[in-house]
Amino acid sequence: MLLAIDTSAGTSVAVVDRDRGVLAERSVEDTRRHAEVIGTLILECLEASSVAVETLSGIAVGMGPGPFTGLRVGIAAANAFAFGAGKPVVRVVSHDAVAYAHYVAAAASASGIVTGGGADATPLLVTTDARRHERYWSAYSGADEFALPIRVQGPGLQRPDELPEVVTGYDGYQRWDADWVSAASVGLLAESLYLHRRAFAGAEPLYLRSPDVTPSSGPRRVTA
């Protein structure tokens, strides 16, 4: 059972279980209130799911791509909660979670069941808002027999009009412009990666762009 957090787009928190699915999820799509709402969403999910912190097996967190300010709020919250609870942190690429939800839904529709795997060969291009009239993007050739997405390009950062030039075989992809990333999908992807012994994401956040504000390289000279 996992507490899952993603702030790569809006702010989303969920409690998920490999066997029981999504036990609770709370989300705020506002992309500028991450720090204000993250604590409340965590508390609401724990209360709604009736899950005690000590029964969690870990904390799952989306590592982006996403804007610097928002993304680091979720990662910091996941690390702080995990440290206080004495639980491990497992990391996934946020776009992989979006693609995973797509392929699970496609497999369920094809088989007539709510959960389950099933290979899907539909190429998918996931994009999310990067601000400044740009999009974060990741390209997937399809999914494996467990509905785990197969990423073949990205994550990257481009203007929308540049995507046909940088995404190989762009016209062959179904494009999905996601407004937000579901923490439930982050958590369920993490559960599936663990179950099928696949690698988690690395510890480095996928900002793909330098922060808007950087520390000064030295002391500032004051003049009268």
Legend entry - Ala80, sole failed condition from (1) in contact with a helix residue (DSSP H, G or I) (Cβ under 7 Å, 6 or more places away or on another chain); (2) farther than 17 Å from Ala184 by Cβ: (1)
Legend entry - Qualifying residue in segment 72-89 (condition: under 14 Å from the mean Cα position of the chain (by Cα), of a type outside the set (Val, Ile, Thr), under 17 Å from Val181 (Cβ atoms) and surrounded by fewer than 21 Cβ atoms within 10 Å (Cβ to Cβ)): yes
Inset, instruction - Check Ala77, Ala108 and return the single one that is in contact (Cβ under 8 Å) with a residue 40 or more places away in the chain and in a helix (DSSP H, G or I). - result: Ala77
Inset, instruction - Starting from segment 29-47, keep only residues that are part of a helix (DSSP H, G or I), then list their pairs with residues that are of a type in the set (Phe, Trp, Tyr) whose Cβ atoms are within a distance under 7 Å, requiring at least 6 positions of separation or different chains. - result: Ile42/Phe81
Legend entry - When residues of segment 1-28 are limited to those that are touching a strand residue (DSSP E or B) at 6+ places or on another chain (Cβ under 8 Å) and part of a loop (DSSP other than H, G, I, E, B), the one nearest to Ala76 (Cα to Cα): Thr7
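Conditions (1) aliphatic (A, V, I, L, M); (2) surrounded by 14 or more Cβ atoms within 10 Å (Cβ to Cβ), marked per residue:
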position: His133; (1), (2): no, no
position: Ala147; (1), (2): yes, yes
position: Arg151; (1), (2): no, yes
position: Gln158; (1), (2): no, yes
position: Gly169; (1), (2): no, no
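Yes/no matrix, rows are residues, columns are (1) of a type outside the set (Asp, Glu); (2) modelled with pLDDT under 95; (3) on the phi > 0 side of the Ramachandran plot:
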| residue | (1), (2), (3) |
| --- | --- |
| Ile150 | yes, no, no |
| Gln158 | yes, no, no |
| Leu163 | yes, no, no |
| Val166 | yes, no, no |
| Gly169 | yes, no, yes |
| Trp176 | yes, no, no |
| Ser185 | yes, no, no |
| Tyr194 | yes, no, no |
| Val222 | yes, yes, no |
Legend entry - Answer residue from segment 196-220, given it is within 26 Å of Arg33 (Cα to Cα) and of a type in the set (D, E, K, R) and is modelled with the lowest pLDDT among those: Asp212
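The rows are residues; the columns are (1) over 15 Å from Ala203 (Cα atoms); (2) touching a strand residue (DSSP E or B) at 6+ places or on another chain (Cβ under 6 Å); (3) of a type in the set (S, T, N, Q).
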| site | (1), (2), (3) |
| --- | --- |
| Asp30 | yes, no, no |
| Arg33 | yes, no, no |
| Leu41 | yes, yes, no |
| Glu44 | yes, yes, no |
| Glu54 | yes, no, no |
| Met63 | no, yes, no |
| Pro67 | yes, no, no |
| Arg72 | no, no, no |
| Ala76 | no, no, no |
Inset, instruction - Kindly indicate whether Gly64 is crowded, with 20+ Cβ neighbours inside 10 Å, on the phi > 0 side of the Ramachandran plot and not basic (Lys, Arg). - result: yes
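The values are calculated or read from the model by the stated rules, or taken from the named source; none is laboratory data. Just so it is clear, the model here is predicted, and its values are computed rather than measured. Glycine gets a Cβ as well: all are built from the backbone with ideal geometry, and neighbour counts include every protein chain shown.
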